[in-house]
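Comments concern the structure below.
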Amino acid sequence: MSSGSIDIDEFENTDVEDLDDRTDTERIVGFLDSHDNRAWKASTIASKLDLETDAVSAILSRLKARDLVRHKRPYWAITDDDNRLQAAYQLHQFHESADEQYGAEDLDTPRTDEITTVSTAQMVTDRFGSEDPDEWGLGVDAEREN
């Protein structure tokens, strides 16, 4: 999956100013993913993306801890595990959907009263489909009754 592309509906419905409203991490992963045939020094990535080298180094270290980039001093490259990268993109999109639906998380002011167990369960059901008792079993509550 390449971050050098977006869904056509997003393309059609997004203002020009909002198209490059990506985090530094998204920009770095996108850059490495679109240049997956090369390995780069952190300073070069920083220069290409107009970021501070220390910030890029810190982000790359966090990405390495999640196995999303490879590192051989002093070079960095995107992971060669396409499934892992795909899963990271999907998880990121899921979090963005939740932010759009419920608002971005504000750790200083938790809003647990606004997000109930029911709404969270509904969001998961909408995303992944209904539970299948034949596949997953009857659940913890049913096991306690027996």
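By other beta-carbon atoms within 10 Å, ranking Phe31, Phe94 with the fewest at the front produces Phe94, Phe31. The modelled label-to-label distance between Ile6 and Gln86, using points 7 Å beyond Cα along the C-beta direction, is 2.4 nm.
Apply the a/c threshold of 1.5 to the C-alpha gyration tensor of segment 8-83 and tell me whether it is rounded, prolate or oblate. Prolate, because a/c is 1.5 or more and a/b exceeds b/c. Label separation (Val124 vs Thr14): 2.9 nm, computed from points 7 Å beyond Cα along the C-beta direction.
To the nearest 0.05, what FRET efficiency results for Arg62 and Arg38 with a Förster distance of 25 Å applied to their C-beta separation? That pair, Arg62 with Arg38, gives E of 0.75. Ranked by how many other Cβ atoms sit within 10 Å of their own Cβ, fewest first, the residues Tyr89, Tyr102 fall in the order Tyr102, Tyr89. At full extension, Lys72 and Asp50 could sit 5.6 nm farther apart than now, given 0.36 nm per residue minus the alpha carbon distance.
FYI, it's all coordinate maths here, none of it is from the lab. In this text, all values refer to a predicted model and were calculated from it rather than measured experimentally. Neighbour counts run over all protein chains shown; Cβ positions are idealised from the backbone, glycine included.
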